[in-house]
Amino acid sequence: MLKKVRKILISIIITLIMYIIFSNNVNASSHLYLEELDFNVNINEDGSMNVVETWLIDITDTNTLYKDFELDKDKYSSITNVKVKEITDGINKNYTQIDEEMYHVTKDCYYGLKIDSNTFEIAWGVGLDNDTDTRKYEISYTVNDAISKYNDYAELYWQFVGEDFEINAKKIEGVITLPSLASNKDDIKVWGHTEGLNGEIYATEANKIEFTLNHFYSGRYVEIRTLFPTDMITNSNRTYNKDRYEEVVKEETKWANEANFKRNWEKTKDTIFQCLLIIAIIAFVIVYIFKIIKYAKKLSSLKKYTPEQELDYFRELPSKTTTPGEAVYILQEPYNSFNRYYGKIFTAVLLNLKLRKYIDFRIEKNEKNKEKIYISYLKDGEVTLKKDENDILKFIKSAIGKKEEIEVKDLEKYIKSHSTSVERLIKNAKKHIETQLTKEKSLSKTEQEEYLKYSSNASVYYVMTIVFLTWAFPVSIVMFINGILCSKIKKRINVLTQKGINEKEKWKGLKKYMEDFSLLNEKEIPAIEVWEEYLVYATAFGIAQKVLKQLKEIYPNIEELDTIGTSCIYFMYHTNFSTTFSSSINSAISTSYSSATGGGGGFSGGGGGGRRPVEAAEADKKYIINI
């Protein structure tokens, strides 16, 4: 039941998050932002209107700004007298008019042209291809036959900002001046339309209308409709022999009722949303408080195993049948990070395979006295070797192929060019080692699954802590507490059994002994043959070079020894096997595994009204601003 409730709550929270994210328009160009957009409109007696737009705009990486008008003979006849100038901080620069359309307009030039059968375009070059600045522009033009003249009223119905406008604006303002004074301010009727319902419009004087809008979001629109005394217009090509007032009032009343309903619904919706959010947060907190209680009980019931005998040093191999991979797994417990240990394990297994005469190494020096190392395959180990070691032996056999031997550099190339095989080798090695240790009762597979579950849970809780931090702090707190408890539970879970813990203590003691043995006052030093076996695990643990240096202190002439059972030590001293070869193989495996499992690049998309992308193709005409 609790799981079902939790799933429902998570769904609600996700839905609310999506609402928050997408409730605002996110299509605005990140390269442009209007601090102010002002319209100064003068209506003329002949039914035309002169418009001056002032843009105070923040611009980044943009060379050309655009303003488009949809051509419609039913609304106006033409646009003429286009001018563009810059008036930034006292500058009064008139831009040069050109008579051809340009995708990227030359800096300080502009055009106002019909660019196709449906569009009139004003465009100007700002020259900020790779720069950022705040500029102020004045765009002026005349809209001919913008006013409809009726028997009772003249009408202006104009969309100053269209839905295709893709730039956010902090503030939009406008002043419309009529051709003459009305006898009474009440003779001027005004209406404003905008999607956000957050604007105001008034007839402030007998010949003046003002409108203002704060926080405009791209994808919305701003349009103004006004009726004023018809005798202010002396002649117009759009004259109609009928009354207009009743029809307009009927339309506007209907739209106003719809707008009021929408406004009230927006308020109600916000209230409902806030209530749902509070309820969801409270429910979420309650559910995860129960999780806290559950985790706390789980934590108190767990008891971490400790070694039955604590050891400072251990002077012999805990088990001669333990593979280097198993020893690393027991000592390091790399449940989430096995891959990064595998290079050393691979190298240690090669040493072990040489000691046990499954493979052999040969050194050859060229005329420059540089060493070449060759590996040859001697015999199969299907029956006698454990699976994790046998997989490496078969890998070496595949690399050698039909040859008698393979040079180490060629082996590195083989590893890098067979990334899928390497990925499978590492994946199977972890699987085989866990299975082997489980059969030997050193590892509990069930407890390991628990460990991984709580490790994953802890990570999720910490991420959710950050997600909820700024807008649902109580949820963030319970997420954080759950994350801490899961982390503690993870540390207390006994992935290794009591036997495994005892073995870990021995491997830990042997590692410390190998690191410190030259400092110890030992009466009996292990024989060279024993050190050969130690070096297999020293390589797996990453301390082989340190052990070799200490061996030379105990056996000053060890580099000259090549007696029975000492071939590995001789090889390691004369080839620097424990560093150069091991690190190169480790790097090769790391590179190949990365190429097999990860990588990838990024991609970028276009968009953004009001500007042309700096490197855009000529065909990308859709990136324009439409008002």
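The values are calculated or read from the model by the stated rules, or taken from the named source; none is laboratory data. Source: prediction; values computed, not measured. Every residue, glycine among them, receives a Cβ derived from its backbone with ideal geometry; neighbour counts consider all protein chains shown. Keep in mind that these areas ignore ligands, DNA and RNA; they rest on the heavy atoms of the full protein, side chains included. Shrake-Rupley method; radii C 1.70, N 1.55, O 1.52, S 1.80 Å.
Can you pull out the residues in the stretch 125-168 that are crowded, with 18+ Cβ neighbours inside 10 Å, under 29 Å from the mean Cα position of the chain (by Cα) and under 25 Å from Asn94 (Cβ atoms)?
Leu128, Ile167
Could you check the stretch 394-410 and list, in sequence order, the residues that are open to solvent by less than 80 Å² (accessible area, probe 1.4 Å), part of a helix (DSSP H, G or I) and within 20 Å of Gly381 (Cα to Cα)? Walk me through it before giving the result.
Here is the first cut: in the stretch 394-410, the ones open to solvent by less than 80 Å² (accessible area, probe 1.4 Å) are 395-396, 398-401, 405-408, 410.
Then keep just the ones that are part of a helix (DSSP H, G or I); that gives 395-396, 398-400, 408, 410.
Scanning the stretch 394-410 gives Phe395, Ile396, Ser398, Ala399, Ile400.
Could you check the stretch 197-224 and list, in sequence order, the residues that are open to solvent by 30 Å² or more (accessible area, probe 1.4 Å), of a type in the set (Phe, Trp, Tyr) and over 20 Å from Trp265 (Cβ atoms)?
Matches in the stretch 197-224: Tyr202 only.
Just one of Leu299, Leu311, Leu276, Leu227 is of a type outside the set (Ser, Thr, Tyr), in a loop (DSSP other than H, G, I, E, B) and either open to solvent by 40 Å² or more (accessible area, probe 1.4 Å) or in contact (Cβ under 8 Å) with a residue 12 or more places away in the chain (or both); which is it?
Working: Leu299 fails: in a loop (DSSP other than H, G, I, E, B); Leu276 fails: in a loop (DSSP other than H, G, I, E, B); Leu227 fails: in a loop (DSSP other than H, G, I, E, B).
Of the residues listed, the single one that is of a type outside the set (Ser, Thr, Tyr), in a loop (DSSP other than H, G, I, E, B) and either open to solvent by 40 Å² or more (accessible area, probe 1.4 Å) or in contact (Cβ under 8 Å) with a residue 12 or more places away in the chain (or both) is Leu311.
Mind listing whichever residues of the stretch 414-429 are part of a helix (DSSP H, G or I), touching a residue at least 40 places away in the same chain (Cβ under 8 Å), surrounded by fewer than 20 Cβ atoms within 10 Å (Cβ to Cβ) and not polar (S, T, N, Q)?
Lys416, Glu423
If Ile122 satisfies all but one of (1) under 41 Å from the mean Cα position of the chain (by Cα); (2) open to solvent by 30 Å² or more (accessible area, probe 1.4 Å), what's the number of the condition it fails?
(2)
Please tell me if Ile91 is touching a Ser or Thr at 6+ places or on another chain (Cβ under 9 Å) and of a type outside the set (Gly, Ala, Ser). Spell out how you get there, then give the answer.
Details: touching a Ser or Thr at 6+ places or on another chain (Cβ under 9 Å): no; of a type outside the set (Gly, Ala, Ser): yes.
It is false that Ile91 is touching a Ser or Thr at 6+ places or on another chain (Cβ under 9 Å) and of a type outside the set (Gly, Ala, Ser).
Can you spot a residue in the stretch 336-346 that is of a type in the set (Gly, Ala, Ser) and at pLDDT below 90?
Yes; the residues of the stretch 336-346 include at least one that is of a type in the set (Gly, Ala, Ser) and at pLDDT below 90.
Against the condition surrounded by fewer than 17 Cβ atoms within 10 Å (Cβ to Cβ), of a type in the set (S, T, N, Q), free of Cβ contacts under 8 Å to residues at least 60 places away in the same chain and in contact with a Lys or Arg (Cβ under 6 Å, 6 or more places away or on another chain), how does Thr106 come out, does it pass? Can you show your working first?
Working: surrounded by fewer than 17 Cβ atoms within 10 Å (Cβ to Cβ): yes; of a type in the set (S, T, N, Q): yes; free of Cβ contacts under 8 Å to residues at least 60 places away in the same chain: yes; in contact with a Lys or Arg (Cβ under 6 Å, 6 or more places away or on another chain): no.
Taking the combined requirement at face value, the residue does not satisfy it.
Among the listed residues Lys267, Lys250, Lys262, Lys242, which satisfies the condition of being part of a helix (DSSP H, G or I) and either under 15 Å from Thr194 (Cα atoms) or in contact (Cβ under 8 Å) with a residue 40 or more places away in the chain (or both)? Before the answer, list the steps.
Working: Lys267 fails: either under 15 Å from Thr194 (Cα atoms) or in contact (Cβ under 8 Å) with a residue 40 or more places away in the chain (or both); Lys250 fails: either under 15 Å from Thr194 (Cα atoms) or in contact (Cβ under 8 Å) with a residue 40 or more places away in the chain (or both); Lys242 fails: part of a helix (DSSP H, G or I).
Just a single option satisfies the conditions, and that option is Lys262.
Could you go through the stretch 12-21 and let me know if any residue there is crowded, with 20+ Cβ neighbours inside 10 Å and at pLDDT 90 or above. Steps first, answer last, please.
Within the stretch 12-21, the first condition is being crowded, with 20+ Cβ neighbours inside 10 Å, and the residues that meet it are 13.
Filter once more, so that each one left must be at pLDDT 90 or above: none.
No: the stretch 12-21 contains no residue that is crowded, with 20+ Cβ neighbours inside 10 Å and at pLDDT 90 or above.
Residues in the stretch 487-497 that are over 26 Å from the mean Cα position of the chain (by Cα) and either in a helix (DSSP H, G or I) or of a type in the set (S, T, N, Q) (or both): how many? Steps first, please.
Here is the first cut: in the stretch 487-497, the ones over 26 Å from the mean Cα position of the chain (by Cα) are 488-497.
The next check asks that each one be either in a helix (DSSP H, G or I) or of a type in the set (S, T, N, Q) (or both); those that pass are 488-492, 494, 497.
The number of residues fulfilling the criteria is 7.
Are any residues in the stretch 33-76 part of a loop (DSSP other than H, G, I, E, B), more than 45 Å from the chain's Cα centre (by Cα) and not basic (Lys, Arg), and if so, which ones? Can you show your working first?
In the first step, residues of the stretch 33-76 are kept if they are part of a loop (DSSP other than H, G, I, E, B); the result is 44-48, 71-76.
Going one step further and asking which of them are more than 45 Å from the chain's Cα centre (by Cα), we end up with 44-48, 73-76.
Of everything in the stretch 33-76, those that are part of a loop (DSSP other than H, G, I, E, B), more than 45 Å from the chain's Cα centre (by Cα) and not basic (Lys, Arg) turn out to be Asn44, Glu45, Asp46, Gly47, Ser48, Asp74, Tyr76.
Hey, Glu533 hits all of (1) open to solvent by 50 Å² or more (accessible area, probe 1.4 Å); (2) over 24 Å from Ser337 (Cβ atoms); (3) touching a residue at least 12 places away in the same chain (Cβ under 8 Å); (4) within 29 Å of the chain's Cα centre (by Cα) but one; which does it fall short on?
Evaluating Glu533 over (1) open to solvent by 50 Å² or more (accessible area, probe 1.4 Å); (2) over 24 Å from Ser337 (Cβ atoms); (3) touching a residue at least 12 places away in the same chain (Cβ under 8 Å); (4) within 29 Å of the chain's Cα centre (by Cα) leaves (4) as the failure.
Only one of (1) without any contact (Cβ under 8 Å) to a residue 60 or more places away in the chain; (2) open to solvent by 50 Å² or more (accessible area, probe 1.4 Å); (3) touching a Leu at 6+ places or on another chain (Cβ under 9 Å) is not met by Glu173, so which one is it?
The number of the failed condition is (1).
Could you check how many residues of the stretch 179-196 are within 48 Å of the chain's Cα centre (by Cα) and open to solvent by 50 Å² or more (accessible area, probe 1.4 Å)?
Residues flagged as within 48 Å of the chain's Cα centre (by Cα) and open to solvent by 50 Å² or more (accessible area, probe 1.4 Å) within the stretch 179-196 amount to 2.
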